[in-house]
1. Report, by residue number, each residue of region 178-218 that is crowded, with 16+ Cβ neighbours inside 10 Å, among the charged types (D, E, K, R) and within 23 Å of residue 107 (Cα to Cα).
2. Does region 149-169 contain at least one residue that is buried (at least 19 other Cβ atoms within 10 Å of the Cβ), free of Cβ contacts under 8 Å to residues at least 40 places away in the same chain, in contact with a helix residue (DSSP H, G or I) (Cβ under 6 Å, 6 or more places away or on another chain) and within 15 Å of residue 94 (Cα to Cα)?
3. Which of the following residues is within 16 Å of residue 115 (Cβ to Cβ), touching a Phe, Trp or Tyr at 6+ places or on another chain (Cβ under 7 Å) and aliphatic (A, V, I, L, M): 152, 148, 175?
4. Inside region 133-170, can you point out the residues that are of a type in the set (Asp, Glu), farther than 25 Å from residue 121 by Cα and in a helix (DSSP H, G or I)?
5. Do we have any residue at all in region 30-47 that's closer than 30 Å to residue 126 by Cβ, part of a helix (DSSP H, G or I), open to solvent by 40 Å² or more (accessible area, probe 1.4 Å) and in contact (Cβ under 8 Å) with a residue 60 or more places away in the chain?
6. Being in a helix (DSSP H, G or I) and open to solvent by less than 90 Å² (accessible area, probe 1.4 Å) is the filter here, so list the residues in region 1-22 that pass it.
7. With the condition being open to solvent by 30 Å² or more (accessible area, probe 1.4 Å), among the hydrophobic types (A, V, I, L, M, F, W, C) and over 30 Å from residue 157 (Cβ atoms), I'd like the helices (runs of 4 or more DSSP H) fully within region 54-132 carrying at least 2 qualifying residues.
8. Looking at residue 200 and the list (1) within 14 Å of residue 125 (Cβ to Cβ); (2) assigned to a helix (DSSP H, G or I); (3) not polar (S, T, N, Q), which single condition is not satisfied?
Amino acid sequence: LSPDRTAQSLGIAEYFAPFVPMMRDIADPGMAKHGIGWGAMTGVMAAELAGSGFTGVPSLLSWDMYAEWASAIGNPYLSGEGVGYKHLSSCAWGHAAVRAAYETVQEHAIKLEEIAHITVHTFQEAIDLYQQYPQTTEQAQFSTKWPLAVMLLDGEVGPRQMLEERLADPAARALFDKIELVLDPEIDERFHKNIKFDNRMYSSVDIRLADGRTYHSG
């Protein structure tokens, strides 16, 4: 497209863009999420419309306050810096807590039946994930407690741990009931400060045993 029609296509795409209410999906997880497919379709259709002579609203990318963003389009590409790869089949916000708990149990050879309580110190978004017993695979994925419980039991969080036939497992629910999520101001600040630069998540875990011993993940 010409520079003018490119600008029109950006305005059209912006006007029809799927503004995804992500936190509502976190609170009540659904199967349709993220809006990536609809966003791609909107972009293609906006270019087609602009190429046919349709006009759109002025794009935000033409505003002075977004000049830095617009000038960087195409360099660098976010696919190298802004995309993370998950090792668990669940929301990334809970991954640090799951890893901290699992590694602490492994390091100290903790028997699961000895665990009395697990306190997860984490950031607000990890706490905002679904905190009830999951009834659907979406609720299980968008949880911190459920992946943590099944990781301790199975040593993995994959499809087998997330599908509906696992969700009534009494052993997983018993561990689930022992998990408490606590907002840690230092971790919360670190997460929000660094999220602009990398995809690292932060959490620490305390595991208290029935005999009173407590292990800290750091």
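1. Listed by number, the residues that qualify are 178, 206, 208.
2. yes
3. After applying the criteria, what remains is 152.
4. 164, 165
5. No, there is no match, as no residue in region 30-47 is closer than 30 Å to residue 126 by Cβ, part of a helix (DSSP H, G or I), open to solvent by 40 Å² or more (accessible area, probe 1.4 Å) and in contact (Cβ under 8 Å) with a residue 60 or more places away in the chain.
6. First, pick out the residues of region 1-22 that are in a helix (DSSP H, G or I): 3-16, 22.
If the condition is that a residue be in a helix (DSSP H, G or I) and open to solvent by less than 90 Å² (accessible area, probe 1.4 Å), then 6, 7, 8, 9, 10, 11, 12, 13, 14, 22 are the ones that fit.
7. Numbers: elements: 67-71, 78-81, 95-107, 124-128.
Counting at least 2 such residues, we get 67-71.
8. Result: residue 200 passes all but (2).
The values are calculated or read from the model by the stated rules, or taken from the named source; none is laboratory data. Everything numeric here is computed off the predicted structure, so don't read it as measured data. Cβ coordinates were reconstructed from backbone atoms using ideal geometry, including for glycine residues, and neighbour counts include every protein chain displayed. The accessibility values were calculated without ligands, DNA or RNA, using every heavy atom of the protein model including side chains. Shrake-Rupley method; radii C 1.70, N 1.55, O 1.52, S 1.80 Å.
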